[in-house]
Amino acid sequence: MSVVQNIRTAAAAAIKALYEQAIPAKDIAINTTKPEFAGEYTILVFPFTKFSKLKPEETGEQLGTYLTTHYPDLVAGFNVIKGFLNLEIREQYWAQYLQQHFNNRNIGKKPANGKKIMVEYSSPNTNKPLHLGHLRNNFLGSAIAEILKANGYEVIKANLVNDRGIHICKSMLAWQLFAHGDTPKSSGIKGDHLVGDYYVKFEGILKEQAEPIVARILKNDFKDIEGTDLLKVEKLVNAFHKPEVQQDKEKSAKLLDDIKELARKNTEIMQQAKIMLQQWEAGNPEVRALWNTMNSWVYEGFEQTYKRLGITFDKMYYESSTYLLGKDLVEEGLRKGVLFKKEDNSVWIDLTAEGLDEKLLLRGDGTSVYMTQDLGTARLKYDDYKMDQSIYVVADEQNHHFKVLQLIMKKLQEPSADGIFHLSYGMVELPHGRMKSREGTVVDADDLIDEMISASEQQTLAAGKAKDFSEDELQGLYEMIGIGAMKFFLLRVDPKKKMVFDPKESIDLHGFTSTFVQYAHARIKSILREVDLNTDKLEGFCHKGSLLPLEKALIVLTEQFDTVLEDAEKEMSPSVIASYAFQLAQQFNSFYAEKVEGKYTYSIREAESPEKQKLRTQLAMLTARTIERSMKLLGIDVPEKM
RNA sequence: GGACCGGUAGCUCAGCUGGAUAGAGCAGCUGCCUUCUAAGCAGCAGGUCAUUGGUUCGAAUCCAAUCCGGUUCACCA
């Protein structure tokens, strides 16, 4: 149990005894004590004055006195300032924590709680390589999975690959038309990039073909447009040409966009892509063969990228085998009367009572939509694992989708409905705005990884570090630093918030970065190598006597790890861990560097007594372990030396 | 238009289950390497916590309104 929990329990008992009031321990507000006052933790006594019928100061005095007399092992002393009761924790308490945990490899790890959680993340499309946005998703998903494991859950890491659909056909078609049989091997281009290049090629041709159509449409020449689109386009153009619309820039731009969209839809190449999609769905052997081949290229590419990043999965789902799911659910829903049919045979659910709209679940021709698939996949996952919770790591632009998904699942009385949780994260933006593929501002994941690693190499060399490293060790270090920097940069921000990715800032290895934390770790390890006190001697050692200020501050901070881990789970936020790891590294650095008249105050090697040397060695080990564990939860490795 | 999210130092972000003088990092300025790793440490400077009103002993934090920015409300995925 953490100190804070102990304090809460004690305080609750004290209040019960003093004022005959039962307050749940968890409702007692505790802060860390401001550095200018004596003590480590502070109880806010304002809320208790109601039933103590005393001034805050007097209430604090009473409580403090009670705690010191009844819990002498925990509370050694106190002072009261206004309504703040500052508690000085018995130093022995800290020494014991240190003794118990300094050599604990799995620090913070909770025993299994019997609950199972699936975390779905990554979920790439197989028509393009991964980009910066995917990185935030992957890092978040991995980190959350690790955080849940550390908190005692059984975790299934799942990846639902979007491997079919019109966007895939676009790459396939362009490859067929323009690649002359090019393969990753023949071209030397990584598979996912090669396929992505043909997707870009498709978009280029599409744009080329759409432009003249748009021009003709605006001159009221609709010969390119067919079927129901003809009516739509006439309406749009009429509206577009109205003088009042021409005045309204926003409106006219929107209409023009709609017109362009229709033109794109009616290009020759787009028609070909659609035919290919139909052939794919019909199981055309040639199309399927091409699809298999090109997807396999992409998977090889992804595999490399995942490997470099240390991203792994326990279970792969492929949309090509899940996209037809959900129809059973719809059938059942119809029978239960939760869903209804319209005249054209399309199936809907009415969510107007919940303040939402009606939502389509099956088209008139019986084909399904995105939502239908997701309903079916949710059931499939549950059938596979019967997990208590199913987390979807998906960007916040899909907030509405997941709200509706869960609502429909509830209405269909699916047992998995309550466990659905959308871990919604904000978009990654560049200093000048969002990434736009049309403007070529998309930051490619592989490029970024290379840049980060080479930046870490340059900065290592510039700082004159890592001199006695072998070539292999150097390469390993550069990767550890570069990839760590990237992960930390993307994880240090609260996932819910959109964030700005500044390339210049991201390669900075100073300040609030993984490099800072890694460096502190390497520094500790270097000190420990030099002092070389064997663990057996330390095992039985429990420091007696008083602690110096930064010794105490460091233990107090390491002791908070448990709580931080719980907070990270509760908030679903690895950023909590990142902040903590940084704070801990900072605290150690202060401890390490404090000097008076040229002498280190907290020297380990030149400690003023054997007891202090043991104490500080334990403390250094505990700090290193806590840093290592924290970073590991973020998927970041820490070096022994750097 | 409805719904949801955000607005804290020049920049990027913490703090938001109400509590002491609002914190880091970067950028700027001062110091500190004959002694455990200076990718570091110590310090200075930098704030109408978007605005207004309310609740409270106490509001960056809760409530309401307003302003600004974003996302979404597809028979796309």
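Let me check I've understood the local charge: for A:G141, count other residues with C-beta under 11 angstrom from its C-beta, Lys and Arg +1, Asp and Glu -1. What total comes out? Residues near A:G141 contribute 0 overall. Calculated FRET efficiency, A:Q246 and A:E439, Cβ-Cβ r, R0 35 Å, to nearest 0.05? With a Förster radius of 35 Å, E is 0.85.
Of the residues A:G366, A:L491, A:A417, the one whose Cα sits farthest towards the positive end of the charge dipole of chain A is A:A417 (charges of +1 on Lys and Arg Cβ, -1 on Asp and Glu Cβ, taken about the Cα centre). Note on A:K50: lysines with a C-alpha under 24 Å away, same-chain residues under 8 apart excluded, are A:K16, A:K26, A:K82. For chain A, the share of DSSP beta bridges that are antiparallel, to the nearest 5, is 55%.
So the label point goes 7 Å from the Cα of A:S2 along Cα→C-beta, right? Which residues of region A:92-124 then have their backbone N under 14 Å from it? Counting backbone N atoms under 14 Å from the label point, the list is A:108-110. Using a cutoff of 8 angstrom between alpha carbon atoms and counting only pairs six or more residues apart, the relative contact order for region A:3-89 works out to 29 percent. Between the C-alpha center of region A:440-493 and that of region A:550-573 there is a gap of 28 Å. Summing +1 for each Lys or Arg and -1 for each Asp or Glu, what net charge is found among the other residues whose Cβ lies under 13 Å from the Cβ of A:A620? My count for the surroundings of A:A620 gives +4. Taking only the Cα atoms of region A:3-89, the radius of gyration and Dmax are 11.3, 33 Å.
Surface composition of chain A: carbon and sulfur make up 50 percent of the accessible area, probe 1.4 Å. A 1.4 Å probe run over region A:3-89, with the rest of the protein chains in place, finds 51 Å² accessible per residue. Among the GluC sites (Glu not before Pro) in region A:550-642, those placed in a DSSP loop whose Cβ has at most 16 other Cβ atoms within 10 Å are A:E594, A:E597, A:E606, A:E608, A:E640. Here A:H400 and A:K570 are evaluated by their C-beta separation; at R0 = 22 Å the FRET efficiency comes out at 0.35.
Of all aspartates and glutamates in the structure, the ones whose alpha carbon falls short of 18 Å from that of A:K55, not counting any fewer than 8 places away in one chain, are A:E20.
Distance between the pseudo-spin-label points of A:E281 and A:E261 (7 Å out from Cα toward the beta carbon): 2.0 nm. Dipole magnitude for region A:506-606: about 400 debye, using +1 per Lys or Arg Cβ and -1 per Asp or Glu Cβ, origin at the Cα centre. Normalising the average separation of contacting C-alpha pairs (under 8 angstrom, six or more residues apart) by the number of residues puts the relative contact order of chain A at 16 percent. Applying a threshold of 24 Å to the alpha-carbon distances of A:K207/A:K327; A:K128/A:K185; A:K34/A:K632; A:K109/A:K487; A:K465/A:K537; A:K219/A:K249 flags A:K207/A:K327; A:K34/A:K632; A:K465/A:K537 as lying beyond it. Residue separation of A:T563 and A:Q176 scaled by 0.36 nm, minus their Cα-Cα distance, works out to 133.7 nm of gained length. What number comes out for the charge environment of A:D396, summing +1 per Lys or Arg and -1 per Asp or Glu over other residues with Cβ under 15 Å away? Neighbourhood net charge equals +3.
Each label point was placed 7 Å from the Cα along the Cα-to-Cβ direction; for A:K386 and A:R529 their separation is 5.1 nm.
Centroid-to-centroid, using Cα positions, region A:296-354 and region A:204-256 are 34 Å apart.
Sites listed here are trypsin sites (Lys or Arg not before Pro) in region A:109-149 whose DSSP assignment is loop and whose Cβ has at most 15 other Cβ atoms within 10 Å: A:K109, A:K115. If you plug the beta carbon distance of A:D314 and A:E473 into 1/(1 + (r/R0)^6) with R0 = 30 Å, you get a FRET efficiency near 0.40. Take every Cα pair under 8 Å whose residues are at least 6 apart in sequence, average their separation, divide by the length of region A:532-642, and the relative contact order is 33 percent. Remark: for residue pairs A:K342/A:K436; A:K115/A:K190; A:K242/A:K342; A:K411/A:K570; A:K149/A:K170, the C-alpha separation exceeds 32 Å in A:K342/A:K436; A:K115/A:K190; A:K242/A:K342; A:K149/A:K170.
The values are calculated or read from the model by the stated rules, or taken from the named source; none is laboratory data. Just so you know, these numbers come straight off a predicted model, no measurement behind them. Glycine gets a Cβ as well: all are built from the backbone with ideal geometry, and neighbour counts include every protein chain shown. Ligands, DNA and RNA are excluded from the accessible area calculation, which covers all protein heavy atoms including side chains. Shrake-Rupley method; radii C 1.70, N 1.55, O 1.52, S 1.80 Å.
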